[in-house]
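Here the structure comes first, spelled out in structure tokens, and everything after it is commentary.
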Amino acid sequence: MKKYGAEFFGTFWLVLGGCGSAVLAAAFPQLGIGFVGVSLAFGLTVLTMAFAIGHISGCHLNPAVSIGLWAGGRFPGKDLVPYIVSQVLGGIAAAGVLYLIASGKAGFDLAGGFASNGFGEHSPGGYNMVSALVTEVVMTMIFLLVILGSTDKRAPQGLAPIAIGLCLTLIHLISIPVTNTSVNPARSTGVALFVGDWAVSQLWLFWLAPIAGAVLGALVYRMIGSEEN
């Protein structure tokens, strides 16, 4: 239960910190943090929580990461469902807190997207479904490669949180214009449930693509990262 609690609060922080920066700070007149700030916020949530709870739960904070680590032989299948449930609940709880904060401002409207992920007319840059699908698969694949490589026993010890956090930052810098960046079904689900409508109807892509990408990343790392000659 300690592991599941750690995943709940870790994912809570990721969604509150990352999506919170997008909803509350990104478009603030003249002083808004923009895409770069939101990208850093997501990376920093993972970096800080990796140091805080990595020794408790492994700090997955993401159903796709848990599935990818299982596919890579680094995580037991018996823990997959409770990890995923904890992560999704943490994301929903964070979205609820963010809603309470954001709705305290006059003129707040969920029609603005509430940091939800989307494609087509709901993509920040107007990218279509194929672009969104390819982006989410490839970005999550690389994310898993970095996670598996930086946590490998042969890698420099103690530096994995930095590599993983910076990787997530870079992923957001690349893909916010395309999908608002998911690579994480729990992050997508939390805010989408509050927006409803299009955000929920497009949510399938932000489960399917990250999971497919994570499994691909795990398979690639098993090929290139094997200790066998």
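The values are calculated or read from the model by the stated rules, or taken from the named source; none is laboratory data. Keep in mind it's a predicted model, so treat the numbers as computed, not measured. Using ideal geometry, Cβ is built from the backbone for each residue, glycine included, and neighbour counts are taken over all protein chains shown. We work out accessible area using only protein heavy atoms, side chains counted, and drop any ligands, DNA or RNA first. Shrake-Rupley method; radii C 1.70, N 1.55, O 1.52, S 1.80 Å.
Can you spot a residue in segment 19-38 that is touching a residue at least 40 places away in the same chain (Cβ under 8 Å), in a helix (DSSP H, G or I) and within 26 Å of TYR221 (Cβ to Cβ)?
The answer is no, given that none of the residues of segment 19-38 is touching a residue at least 40 places away in the same chain (Cβ under 8 Å), in a helix (DSSP H, G or I) and within 26 Å of TYR221 (Cβ to Cβ).
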**Asked** Mind checking which residues of segment 67-78 are in a helix (DSSP H, G or I) and within 16 Å of ILE211 (Cβ to Cβ)?
**Response** ILE67, GLY68, LEU69, TRP70, ALA71, GLY77
**Prompt:** Pick from segment 134-145 the residues that are buried (at least 20 other Cβ atoms within 10 Å of the Cβ) and of a type in the set (A, V, I, L, M, F, W, C): which of them is farthest from VAL46 (Cα to Cα)?
**Reply:** VAL137
**Request:** Would you check if there is a residue in segment 122-138 being free of Cβ contacts under 8 Å to residues at least 24 places away in the same chain and not in a helix (DSSP H, G or I)?
**Result:** yes
**Selected residue [touching a Gly at 6+ places or on another chain (Cβ under 7 Å) and either crowded, with 24+ Cβ neighbours inside 10 Å or at positive phi (or both)] from GLY158, GLY149, GLY190, GLY126** = GLY190
**Message:** Checking the structure you have, find out if any residue of segment 178-186 is assigned to a helix (DSSP H, G or I), closer than 25 Å to GLY34 by Cβ, open to solvent by less than 10 Å² (accessible area, probe 1.4 Å) and in contact with a helix residue (DSSP H, G or I) (Cβ under 7 Å, 6 or more places away or on another chain).
**Reply:** yes
**Request:** Answer yes or no: is there a residue in segment 152-161 that is part of a helix (DSSP H, G or I), touching a helix residue (DSSP H, G or I) at 6+ places or on another chain (Cβ under 8 Å) and under 29 Å from GLY96 (Cβ atoms).
**Result:** yes
**Prompt:** Considering only segment 25-41, how many residues are open to solvent by 80 Å² or more (accessible area, probe 1.4 Å), among the aliphatic types (A, V, I, L, M) and more than 21 Å from ILE162 (Cα to Cα)?
**Reply:** 2
